[in-house]
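Here's a structure for you.
The values are calculated or read from the model by the stated rules, or taken from the named source; none is laboratory data. Just so you know, these numbers come straight off a predicted model, no measurement behind them. When we count neighbours, we look across all protein chains shown, and the Cβ atoms used for this are built from the backbone with ideal geometry, even at glycine.
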Amino acid sequence: MDLIIRRAVLAHAHPAGHSTVDIGIEAGRIAAVEPHLAAAAREEIDAAGALVSAPFVDAHFHMDATLSYGLPRVNASGTLLEGIALWGELKPHLTQEALVERAIQYCDWAVARGLLAIRSHVDVCDDRLLAVEALLEVKRRVAPYLDLQLVAFPQDGVLRSPGAFGNLKRAIAMGVDVVGGIPHFERTMADGAESVRLLCEFAAEKGLRVDMHCDESDDPLSRHIETLAAQTHRLGLHGRVTGSHLTSMHSMDNYYVSKLIALMRESGVAAIANPLINITLQGRSDTYPKRRGMTRVPELMAAGVTVAFGHDCVLDPWYSFGSGDMLEVAHMGLHVAQMTGIDASRACFDAVTANAATILGLEGYGVAPGCAANLVVLDARDPVEAIRLRAARLAVVSRGRVVSRQPAQRAALALEGRPQSVDFRLHR
Ligand SMILES: [Zn+2]
């Protein structure tokens, strides 16, 4: 074996009921998951009862905007609309070198956080397609250790922005993976519905997945998700289409939603909530009570819809926080959706791991023989404790290689003259 991780606790218990397992890795694949592996390996990690999970997956991100906070100025109001305006001011000044540099830096952060697959939207409304070229270059450069999937995203509206549909088609021809959209940003509800039809037909023709920014609004009558589900069903795109944000669902009539969720389930449309962003950008024009704005995560999950949590933004025109930590995303999602029950809390861990992997269509994701050897060792005993502690990533393995080790948090404490070992876990 190339690598063995010993005494690992899995997120979903081993079928035979063993409390810990050894994970053997060979040639970039998981070769064995057994209570005690007799084999030897060139490298071994003793997890010592820590949780070992398949890596974090971010199903919704904007890598062309990340780490641009303060360029050319900060978002003074902190609102979505000022963020979009600010992005418009920044776009003419973007250079490919700066875009690549910031994205690569973010990927370094991601790897250190055990985040090894990211679906990033990339704005195609700039005729130069600078950001598309930059992120395709980033995708090539990080491919040895991180799966970067790109969505052609017409930020200013595929119908509203002149040339956007042509640019989107060019971006797909250049190698972008997924068809994006933003129906609620078109001029009218009718234009929004037309954009969904056009984009879904294009995706069906090309055999591609679809992921639209859909109904990112507090308007209960923003119902493009209904059109997206209906077009998915009509075109036979079941299992390949995702609605991102869906915040208007928070404010919709309850009876209408009972029909809508069944329609989403029927058409196999997945949902992505972005808890950090939804809780800060939605409900901004409310006085009190202020709506939370996040979509109906537990109800969607209960109906059998695949739901993931995305990070969406880190240090960009829309959001001046974040560090690529999907446990922070899960933590916020859990609180906003009041998912504090045992099964619900675990489902929030799935929302930043397995569910997101399903939406991306990742091959060989999981901790079982034959899966890709992509793993994160967390300083926690189970998924719920990992969320509570935003647990340290003790080691990160990508394609069978250790790509990150814990940046010795405890050693840093020792340098400041504090106790070397501070244990925040509850001992039972
Ligand atoms: Zn987004």
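Checking Ile23 against (1) in the same structural domain as Val376 (by TED's automatic domain parsing); (2) touching a Phe, Trp or Tyr at 6+ places or on another chain (Cβ under 8 Å), which test does it fail?
Looking at each condition in turn, Ile23 falls short on (2).
Looking at Arg209, Arg128, Arg119, which is the one that is basic (Lys, Arg) and farther than 17 Å from Thr242 by Cβ?
When all the criteria are applied, what remains is Arg128.
What are the pairs with Cβ atoms under 8 angstrom where one residue, in the stretch 298-325, is on the phi > 0 side of the Ramachandran plot and the other, located anywhere, is away from the ligand (no atom under 13 Å from the Cβ) and polar (S, T, N, Q)? Sequence gap at least six, or different chains.
Once the first residue is on the phi > 0 side of the Ramachandran plot and sits in the stretch 298-325, its partners that are away from the ligand (no atom under 13 Å from the Cβ) and polar (S, T, N, Q) give Leu315/Ser68.
Might you let me know whether the stretch 101-122 holds any residue that is within 16 Å of the ligand (Cβ to nearest atom), part of a helix (DSSP H, G or I) and either under 20 Å from Leu276 (Cα atoms) or touching a residue at least 12 places away in the same chain (Cβ under 8 Å) (or both)?
The answer is yes; a qualifying residue exists.
Here's a follow-up. Looking only at the stretch 311-345, count every residue that is part of a helix (DSSP H, G or I) and more than 16 Å from the ligand (Cβ to nearest atom) and tell me the total.
Residues that pass the stated criteria total 11.
Follow-up. Which is under 21 Å from Gly310 (Cα atoms) and crowded, with 21+ Cβ neighbours inside 10 Å, of Val367, Val352, Val384?
Val352
With respect to Thr66, is the statement that it is surrounded by 21 or more Cβ atoms within 10 Å (Cβ to Cβ) and within 16 Å of the ligand (Cβ to nearest atom) true?
Yes; evaluated as a whole, the condition is true for this residue.
While we're on this one: Hey, does the stretch 258-266 have a residue that's touching a residue at least 40 places away in the same chain (Cβ under 8 Å), of a type outside the set (Asp, Glu), surrounded by fewer than 20 Cβ atoms within 10 Å (Cβ to Cβ) and away from the ligand (no atom under 16 Å from the Cβ)?
Yes, there is a match, as at least one residue in the stretch 258-266 is touching a residue at least 40 places away in the same chain (Cβ under 8 Å), of a type outside the set (Asp, Glu), surrounded by fewer than 20 Cβ atoms within 10 Å (Cβ to Cβ) and away from the ligand (no atom under 16 Å from the Cβ).
Quick check on my filter: what residues within the stretch 32-54 are in contact with a Phe, Trp or Tyr (Cβ under 9 Å, 6 or more places away or on another chain) and modelled with pLDDT under 95?
Hits for the stretch 32-54: nothing passes.
Only one of (1) surrounded by 23 or more Cβ atoms within 10 Å (Cβ to Cβ); (2) closer than 25 Å to Glu299 by Cα; (3) out of contact with any strand residue (DSSP E or B) (no Cβ under 8 Å at 6 or more places or on another chain) is not met by Pro317, so which one is it?
All conditions pass for Pro317, except number (2).
For Ala85, are the conditions met, namely being among the small types (Gly, Ala, Ser) and surrounded by 15 or more Cβ atoms within 10 Å (Cβ to Cβ)?
The answer is no for Ala85.
Could you list all residues from the stretch 206-216 that are more than 13 Å from the ligand (Cβ to nearest atom) and at negative phi?
Answer for the stretch 206-216, where residues must be more than 13 Å from the ligand (Cβ to nearest atom) and at negative phi: Lys206, Leu208, Arg209, Val210.
So that you can scan it fast, the table gives a plain yes or no per residue for (1) touching a Cys at 6+ places or on another chain (Cβ under 9 Å); (2) among the hydroxyl-bearing types (Ser, Thr, Tyr):
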site	(1), (2)
Tyr106	no, yes
Asp123	no, no
Ala131	no, no
Val138	yes, no
Ala190	no, no
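Then there's this: Test Ala308 against the stated conditions and say whether it is under 16 Å from Leu246 (Cβ atoms) and assigned to a strand (DSSP E or B).
In short, yes.
What's the total number of residues in the stretch 125-165 that are touching a Ser or Thr at 6+ places or on another chain (Cβ under 9 Å), assigned to a loop (DSSP other than H, G, I, E, B) and within 16 Å of the ligand (Cβ to nearest atom)?
5
I'm told Val297 meets every condition in (1) within 16 Å of the ligand (Cβ to nearest atom); (2) buried (at least 24 other Cβ atoms within 10 Å of the Cβ) except one. Can you identify the failing condition by its number?
(1)
Turning to a different aspect of this structure: Any idea which of Ser285, Ser244, Ser222 is within 16 Å of the ligand (Cβ to nearest atom) and in a loop (DSSP other than H, G, I, E, B)?
Going through Ser285, Ser244, Ser222 in turn, the sole match is Ser222.
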